[in-house]
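The values are calculated or read from the model by the stated rules, or taken from the named source; none is laboratory data. What you are looking at is a predicted structure, and each value in this text was computed from that prediction instead of being measured. Quick reminder, even Gly has a Cβ in these numbers, built from the backbone with ideal geometry, and neighbours come from all protein chains shown.
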Amino acid sequence: MAETLSPVRVRFAPSPTGHLHIGGARTALYNYLIARKTGGQFILRIEDTDRKRYVAGAEEEIINGLHWLGVDWDEGPDKGGPYGPYRQSQRKEIYQQYAQMLIEQDKAYYCFCSPERLEKVRQEQLSRKESPHYDGTCRRLDPQEAKARVMAGEPHVIRFKTPQEGTTTVTDLLRGEITVENRVLDDYILVKSDGLALYHLAAAVDDHLMKITHVIRGSEWLPTFPLHGLIHRAFGWQEPVWVHLSVFLKPSGKGKMSKRESAELIKDGYSIFIKDLQGLGYLPEAVVNWIALMGWSYDDHTEFFTMADLIEKFSLERLNPAPAAINFTKFDHFNGLHIRHLPVEELAKRIKPFLLEQGYEVDEDVLLKITPLIQERLHTLDEVVEIAGFFFRADVQPAAEDLVVKDLSPKESYELAQKILKILNQLPDMRVSTSEPPLRQFVEESGLKPAQVFGLIRAAVTGQKISPPLFESMEIIGKEMVVKRMEKAISILKKMAEEAESQA
RNA sequence: GCCCCCAUCGUCUAGGGGACCAGGACGCAGCCCUUUCAAGGCUAAAACGGGGGUUCGAAUCCCCCUGGGGGCACCA
């Protein structure tokens, strides 16, 4: 299969009925990538023909989410373009016009069956263990008579006159030819009784009118794919290249993520909704890298991709049709990778909101100093609070047991802390080059292990058992604060030593 | 029930008849580095779902089975 290098026109066509999730984002991303790679156009089209399911704000969320990811489009509802409008609810008349053409050519027909009757037929078929489908009542109506009933104002829909014999073969770029028996295809409704087109008609008409060359969409469309081919052919249009992407499965690999499961993910610090990811501490760069690699690969060793890399390397031919289980652990890995690739100033900028959110006052200079210390320790941006919050707190609260040195008693720890404080007090400043040599010398002379001495200082100064590098941290905190925190640790240890004494 | 799609380590994947006693990544385990935690380096364990063909030769091609997924609306 030769790579398509001529410019493509592709589209992402979400319906504004819920949150933009990683599956939709990936579809948008792939469309965007192939458009940019080939120098073609990427179009955003809102498929809002179902007024009942319309969710206010959903379109805005889609737009914001895509922008955040770094995916932009050339034509769309927010920026216009030569083939607009780009909202299907504003294209009602266009679809009706095309539906009319089909009726005139006897490729579609009016149907007056009520939803109630349809439902009854469906139930009967189900009870007979038949696959539910339209029974064809109105298909047999005389066209003139049907037209008259329509003129008289009788409620009706328009159905596609699906061939009842033979087979239909459509071609998916990843799967090859797919052939189905026409008799298993239904006489799908093209236009609803409210006059608005259903997806099957609207998408076909728009894809043709908007000169879409490649339809890259989710594989939930595979079952109706033959119908879509049939519709294009009924109009005599050339079909676009069809590409059906794999689906995302839940981490266990057992089925798609349910609504409830998706909502509960947030408790573990994860989400499949793009709107949540920023607040959870994820980088758009990492999201893009992660989702790009679920269903697509470049070669057997490259895994780190920037958007620019992806535009250069992406190809439809290397798409994988098999379903992929979502792996959040790998997501964290990619996030850490991209965090480490960020310039320090940029990382500092992205970390700041998480600190501010905690109510910390963030000094820019301090922030720029601590950022390099935590850069390789961060997997998500919000971890900055846990790892480096002590830099911004006026006081720390070390746990008493963290201050007691391994293999030493509280009393011995207390005495050790006093010696350390004495050294600290004598230092002219707290620069690494000033503090490290005398403290290391002290460790040597004391016969203790570095881990014992530095562990005590760490707990006292940072209030944590684990922290960024100690000497660098002390330099940023400054002598005054270091001494103050050491004194506080001593008082805690003193109390512990006394308690141990009285118990003995 | 019917239709469609898919099938390599736990997970994401490389592999398009011999280069494969199957490679990479995440995770997991161990070691090294190291004041903690990370990061980094090294090592280990870990897969071609089953059965038939085709072929001198199959993870790779074909068929069946099994398993998994998706769909069967006046939703998209």
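Worth a mention:
- Pairs where the first residue, in segment A:215-235, is under 25 Å from A:P7 (Cβ atoms) and away from RNA strand B (no atom under 13 Å from the Cβ) and the second is assigned to a helix (DSSP H, G or I) and hydroxyl-bearing (S, T, Y), C-beta under 9 Å, 6+ apart: A:I216/A:T27; A:I216/A:Y30; A:F235/A:Y98
- Total residues in segment A:400-413, condition surrounded by fewer than 22 Cβ atoms within 10 Å (Cβ to Cβ) and either of a type in the set (V, I, T) or farther than 17 Å from A:E487 by Cβ (or both): 7
- Some residue of segment A:405-422 being part of a helix (DSSP H, G or I) and within 47 Å of the chain's Cα centre (by Cα): no
- Pairs where the first residue, in segment A:125-137, is under 14 Å from A:I189 (Cβ atoms) and the second is within 9 Å of RNA strand B (Cβ to nearest atom) and among the hydroxyl-bearing types (S, T, Y), C-beta under 9 Å, 6+ apart: A:Y134/A:Y188
- Considering residues of segment A:171-192 that are closer than 17 Å to A:L102 by Cβ and either near RNA strand B (Cβ under 7 Å from one of its atoms) or of a type in the set (V, I, T) (or both) only, the residue surrounded by the most Cβ atoms within 10 Å (Cβ to Cβ): A:V191
- Qualifying residue in segment A:427-439 (condition: among the β-branched types (V, I, T), touching a residue at least 12 places away in the same chain (Cβ under 8 Å), surrounded by fewer than 16 Cβ atoms within 10 Å (Cβ to Cβ) and over 15 Å from A:F390 (Cβ atoms)): yes
- Looking across A:I457, A:I476, A:I466, one residue alone is aliphatic (A, V, I, L, M), within 46 Å of the chain's Cα centre (by Cα), under 22 Å from A:V366 (Cα atoms) and not in a helix (DSSP H, G or I). It is A:I466.
- Taken as a whole, segment A:460-475 holds at least one residue that is more than 10 Å from RNA strand B (Cβ to nearest atom), of a type in the set (D, E, K, R) and either in contact with a Pro (Cβ under 8 Å, 6 or more places away or on another chain) or modelled with pLDDT of 95 or more (or both).
- Residue match in segment A:305-315 (condition: in a loop (DSSP other than H, G, I, E, B), closer than 29 Å to A:L367 by Cβ, in contact with a Phe, Trp or Tyr (Cβ under 9 Å, 6 or more places away or on another chain) and in contact (Cβ under 8 Å) with a residue 24 or more places away in the chain): no
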